[in-house]
Every structure is written in structure tokens, then in C-alpha cells.
Amino acid sequence: MEKDKKVIFSGIQASGLLTLGNYIGALRNWTKLQADYDCVFGIMDLHSITVRQDPAAFRKRSLEILTLYIASGIDCERNILFFQSHVPAHAELAWTLGCYAYMGELSRMTQFKDKSARHAENINSGLFTYPVLMAADILLYQADLVPVGMDQKQHLELSRDLALRFNGIYGDVFTVPEAYIGKVGARIMSLQEPTRKMSKSDENPNGYIAMLDDPDTILRKIKRAVTDSGGEVAYREGKDGVNNLLGIYCAVTDTTIEQAERAFEGKGYGDFKAAVGEAVVECLRPVQERYRDLSNNKDYVESVYRAGAERAGRTAAKTLRKVYRKIGFTDR
Ligand code: ATP
Ligand code: LTN
């Protein structure tokens, strides 16, 4: 990759079905960035095994996510799409950076604290060093910007700290990355517990809309979404359920909250939910159609990730070589 444009790196863990939250908060934004940046988008499957995965389901999910990247409109000619596990430099740089990361700073990561509380039976060391692998992902491609949700900001800070620490010892090796946090409102909440974010690892499927849910399922889940005992479709403090549905409606129809409130003035929650459901169905329809076409063309999808691994591998190997040389490993 020549560096005439700035480089963006981002990725999603292969830990479940992608949701409407992933689409609005990540994929759709990525497609908007691809014209102005050189983009590398990974499926972060090495990260997924910090939590136990069923092998068959995991393999299927991973491919499904890659296909959804393409179906969402990411141009795989212009950008790099790849599986993290196909590029060995990620694991190699993660080991190396791990020797520059302190136990203390890793213990302060809130995601580690959350996940170790949620998976008390499996607090493995991968869960602890997760952010070091994430730093390796980003630094290997000399990424300038990393579009992520708010929840990943602390990990990005660590990536910056590790880059600065390494550069401080060995000279300019890594580009120091910056977080690129999308505009507020791009946080889609659970349909069942609207104070929590919509998440693909939610045990209750009624809490999220999967990108591949069929229209009836989408309409039903939105109809069942938690609201409140009032009846006014308005964005107000304390009306978390309605606020979330308004947020979803605005995100998928590209309207403002004021416009949406006006459109539903005098209407009840029933009509409102039906309209939100329809709007979500329409927003996902073209993506689902492309997904179906791509699913019938497995060879093409395979060619995308093979080419991606090769291109990603080349850039990553170059950075890793430089790192190894600086550290003092013997040349091969
Ligand atoms: P998990 O539930 O497995 O932790 P997740 O669904 O929260 O996963 P991530 O893999 O953590 O998804 O996130 C991938 C990307 O999607 C991130 O950039 C994140 O900010 C974005 N994203 C995830 N959920 C939402 C959401 N509810 N609203 C907006 N953006 C989201
Ligand atoms: N930790 C991220 C996924 C992820 C990532 C990355 C995002 C792994 N490596 C590198 C950006 C850059 C998550 O859970 N959303």
C-alpha cells in the first residue's frame, strides 16, 4: 500500500450474527469512508476465541461476516478484506508488543473486567492480552485512523501508548493511530433492554435485529420492542425504548429526530413501530439481496479473502520485519 491516502483499519469480532447495530455503527460508516482512505477491514477471528466457540458454527459465522462486509458495499478491489487468522504477523506482533505492555495497564481495561465477570468460568490469559492483539492489528498496517464505537476507545488509547513507547525506544517505527468515533446517535440499543447496546452476543434474540433476519422477523421484533406506558412518539429523557426506536428510524431513513417526531405526531406506538419495522426492512433489503447472490458464488467470496490475506500479509510482513530488525533479532 503506498501512503498517498491515510490508512484506516477496523474490524469486527466473529462472535455472532451481525446486527443492525453493527451495520449502522460500523459497516455502513466504513462504506462512506472508503472513497477517502485506504481501508483495511478484518474479521477478527483470533479475538473471538477468548470466548469458547463451537467450531462448525464459528467457521460458518466467519464466512457469513465476510460476505456481509461485501454485501454492505465495501469495495474489495480498492480495500483489503481478510481474516485475521490468515495473516500470521498479527500473532507475532502481539507477542512482541506483549513484552512492552504492563500488567497494570491491562488490568485497567474495562472490557477485561466486564468479560471476566461474565465468563467467570473461563478467565483465560487471551482475554487479558486481548487489547495487545488489537494494538498489533492496527500498528501492522500503520493505520492513521481506527473507526470504532465508544466502547473501544480505551483499547485504542493503549494502542497509542504502545506505539509511542516502542517508538520512544527504537525510533519511528509505528504510526500513532487515532480513534475515529462516529457521530452520537449511532449507538443502537437493545430492543428489550434499551439502556444496553444492541449486541450480537445477546442471549435473547428479541433484543437485536440480525442483518439477515427476514422481514417478518424484523417486524415482529420491533413490534415487541419495549417502550413505555405513555403514548407520545417523542424523544424525551427516560423514554429509552421510544428514543431508541426513533434513533433507529432516523438512522435508516436519514432523517432528523425533529422530522421523525413531526411525522408521527398524533400517532400511537402501534403505527410508529410498524413504520420503524418497514423502514428497517427496506434499509436491509438490498444488503440481503446482495448477500443471497454472493452466497451462491462461493468461489468469488473465497477469491476475495485469499487476495485480501495476500495483500494484508505483504504490508504486515513489512512492518514486522522492521520491528524485528529494530529489536535486534538475527536477519533470516
Ligand atoms: P459483542 O456483543 O460480541 O461484544 P458487538 O455486537 O458489540 O459484539 P463488536 O464486534 O464489539 O460488536 O463491534 C463491532 C463494531 O460494531 C464496532 O465498531 C462497534 O462500535 C459497532 N457496534 C456494535 N454494536 C453497535 C450498536 N449497538 N450500535 C452502534 N454500533 C455498534
Ligand atoms: N475489539 C474490537 C474488534 C477489533 C478491532 C481491532 C477494531 C479487534 N481488532 C482493530 C478495530 C481495530 C471490538 O470488539 N469491536
Exercise for review: Sort Asp202, Asp228, Asp216 from largest to smallest accessible area, using a 1.4 Å probe on the heavy atoms of the protein chains.
Suggested key: Asp216, Asp228, Asp202
Review point. Points 7 angstrom from Cα along the Cβ direction at Ser201 and Tyr235: gap in nanometres?
Key: 3.0
Review point. Equivalent-ellipsoid semi-axes (√(5λ), Cα gyration tensor) for the stretch 101-240, whole Å, largest first?
Key: 37, 18, 14
Review point. Looking at the stretch 92-130, which GluC sites (Glu not before Pro) are in a loop (DSSP not H, G, I, E or B) and have at most 12 other Cβ atoms within 10 Å?
Key: Glu121
**Study point:** Integer Hz, Karplus 6.51/-1.76/1.60 couplings in order for the stretch 103-108, x for Gly and Pro
**Key:** 3, x, 5, 5, 5, 7
Check your understanding: Of the heavy-atom accessible surface of the stretch 13-109 (probe 1.4 angstrom), what whole percent is carbon and sulfur?
Key -> 57
Practice item. Please report Rg over Rh for the stretch 185-332, where both radii come from the alpha carbon positions and Rh follows the Kirkwood definition. Key: 1.20
Practice item. Mind jotting down the three principal axis lengths of the stretch 2-55 based on Cα atoms? Whole angstrom, largest first. Key: 41, 25, 13
Review point. If you take the Cα Rg of the stretch 138-183 and divide it by 2.2 N^0.38 Å, with N the number of residues, what do you get?
Key: 1.14
Practice item. Could you tell me the convex hull volume per residue, in Å³, taken over the Cα atoms of the chain? Key: 147
Point to revise | Restricting the stretch 234-331 to trypsin sites (Lys or Arg not before Pro) in coil, as DSSP defines it, with at most 14 other Cβ within 10 Å | key: Arg236, Lys267
Study note, to complete from the structure: Quick P(r) readout (the stretch 244-284; Cα-Cα; 10 Å bins; whole %) gives 31, 62, 6
**Study point:** Mean separation of Cα contacts under 8 Å, 6 or more apart, over the residue count of the stretch 202-269: relative contact order %
**Key:** 27
Review point. What span do the alpha-carbon atoms of the stretch 1-103 cover on each of the three principal axes, reported in whole Å from largest to smallest?
Key: 37, 33, 22
Practice item. Measure of size requested: the Rg and Dmax of the stretch 199-245, with Cα atoms as the atom set and Å as the unit; please supply both. Key: 12.0, 32
Practice item. Using only alpha carbon pairs under 8 Å that are at least six residues apart, calculate the relative contact order of the stretch 85-210 and give it in whole percent. Key: 21
Practice item. Enter the accessible area per residue of the chain (Å², integer; probe 1.4 Å; all protein chains in place). Key: 49
**Study point:** Placed amide H near Lys197: partners under 5 Å, 5+ positions off or other chain
**Key:** Ser190
Point to revise | Cα pair count fraction exceeding 14 Å, expressed as % - the stretch 82-123 | key: 64
Review point. What is the sum of charges around Leu97, taking Lys and Arg as +1, Asp and Glu as -1, for the other residues whose C-beta is under 11 Å from the C-beta of Leu97?
Key: -2
Review point. Tell me, what ³J(HN,Hα) does each residue in the stretch 123-128 have, in order and in whole Hz, if you take phi through Karplus 6.51 cos²θ - 1.76 cosθ + 1.60 with θ = phi - 60° and put x for Gly and Pro?
Key: 8, 8, 6, x, 5, 6
Study note, to complete from the structure: Dividing the mean separation of Cα pairs under 8 Å (6+ apart) by the residue count of the chain yields a relative contact order in percent of 22
Review point. Of all DSSP beta bridges located in the chain, what percent are antiparallel, nearest 5?
Key: 10
Revision key, fill the gap. Taking the reciprocal of mean 1/r across every pair of different Cα atoms in the stretch 64-136, the Kirkwood radius in Å is 14.4
Check your understanding: Once the Cβ-Cβ distance between Asp271 and Gln34 is put in as r, and R0 is 41 Å, what FRET efficiency do you end up with, to the nearest 0.05?
Key -> 0.65
Review point. Ignoring ligands, DNA and RNA, how do Ser48, Ser229 rank by accessible area with a 1.4 Å probe, largest first?
Key: Ser229, Ser48
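The values are calculated or read from the model by the stated rules, or taken from the named source; none is laboratory data. In this text the structure is predicted, and so the values were computed from the model without any measurement. Please note: Cβ atoms are built from the backbone with ideal geometry, for glycine as well, and neighbour counts cover all protein chains shown. To get the accessible areas, we keep the full protein, side chains included, count just its heavy atoms, and leave off ligands, DNA and RNA. Shrake-Rupley method; radii C 1.70, N 1.55, O 1.52, S 1.80 Å.
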